[in-house]
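The values are calculated or read from the model by the stated rules, or taken from the named source; none is laboratory data. Treat the numbers as computed from the prediction; the structure is a model and nothing was measured. Quick reminder, even Gly has a Cβ in these numbers, built from the backbone with ideal geometry, and neighbours come from all protein chains shown.
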Amino acid sequence: MKRWAKVALVTLAVVIGLAGAGFGAAVRYAHHVEGEVGRDDILGQASALPKITEAPEYVIVNGGATTPPPAAAGAENFLILGVDTRATWTPSQPSRSDTIMLVHVDANHGHASVVSIPRDSYVYVPLVPGRWSGGKTKINAAYAWGGAPLVVQVVSHLTGLTIDHVVRVDFAAVRRITDIVGGVDVTIRKAVTDGRTGYRFHAGVNHLDGKHAEIYVRQRYGLAEGDFDRVKRQQQYLHALGDKILSMGVVANPLRLNSLLTAVAKSLVVDAGLDLTATARELSALRTQDLDFATVPSTGFVHSAAGTANRLDTAGCRALFLALRDDTMADYFRGHPSYRAVTGA
């Protein structure tokens, strides 16, 4: 099975009707793609799961409360899951989501923070009868044992956040999407060869067509920080792809824009309650410069029954999750500039 993580920004482009195309165009395109997007009652299924009674480890609560206070009014949290199938997917399939991104849109709908949760993050996953006895393990196992609803529950417990909407992305269409926009340019700090394909990326600017974009965002081995460098590549690629989508070569070309949106829409499943047109109205002013990228902080590794996992940084996670909850991500990024995605490994 292909496991590669890339396209949350393209997902958001569809969800908001292609931010940057203008208010009227955003609403029109949201109408256009609505019928192509799959629907699933993911949040309803998540709410029907048994409640997690384990005390949250990375959530700051006030006055000894067992649950955190509500999030800032008006802000929204989208959970993006990258998988390889859409129509035939069932929770019983032995697949994992190697892309988990939390997209926080601020209360003014003028800024979005994209937070990557590495697939090997060591987190609490509750009991799954017949599959898992409960405890800490790699977060991507949650998808294998309980599908998108269980991931929603696990991420909500991890962060203390309410998940307002879920977008599941089938990455099979990404090659075509990249080629539709004419490829993207990424800047790489150091030359590196992908051991799986033998393709060599040179230091400096690399132009990626669909084939090489897939290689770029899939590569894990051969990178100094492994999956963390892959996450940085994903974030960098998403930003480059967003810039290209919003460039005159895509937005001003109706045929290319239509092809792009149709391809993306067919690769999506969203929660049953997500109104694409209303979301387009709310978020149509967003541009790529209004996006910031972060990765859930970790410190070292822990050896588990599932293999080597990423040990989360307790203080770092609490600061990040509190900023998400309180809608103060602008302040957070001023204090953590190193978390922004600039160049790829």
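Below, the figures for the structure above:
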quantity: Close pairs from the range 287-307: first at negative phi and in contact (Cβ under 8 Å) with a residue 40 or more places away in the chain, partner among the aromatic types (F, W, Y) and part of a strand (DSSP E or B), Cβ under 9 Å, at least 6 apart; calculated: S298/Y122; V302/Y122; S304/Y122; A306/Y122
quantity: Selection count, the range 149-165, where residues are out of contact with any Phe, Trp or Tyr (no Cβ under 8 Å at 6 or more places or on another chain), crowded, with 21+ Cβ neighbours inside 10 Å and within 17 Å of S121 (Cβ to Cβ); calculated: 3
quantity: Selection status of A107, crowded, with 22+ Cβ neighbours inside 10 Å and at pLDDT 90 or above; calculated: no
quantity: Enumeration of residues in the range 166-180 that are in contact (Cβ under 8 Å) with a residue 40 or more places away in the chain and either surrounded by 22 or more Cβ atoms within 10 Å (Cβ to Cβ) or part of a helix (DSSP H, G or I) (or both); calculated: V166, V167, R168, V169, F171, A172, A173, V174, R176, I177, T178, I180
quantity: Elements of type helices (runs of 4 or more DSSP H) in the range 186-262, at least 2 residues being within 30 Å of G300 (Cβ to Cβ) and modelled with pLDDT of 80 or more; calculated: 210-218, 227-245
quantity: Restricting the range 116-160 to residues that are among the aliphatic types (A, V, I, L, M), touching a Lys or Arg at 6+ places or on another chain (Cβ under 8 Å) and in a helix (DSSP H, G or I), the residue that is farthest from C317 (Cα to Cα); calculated: A144
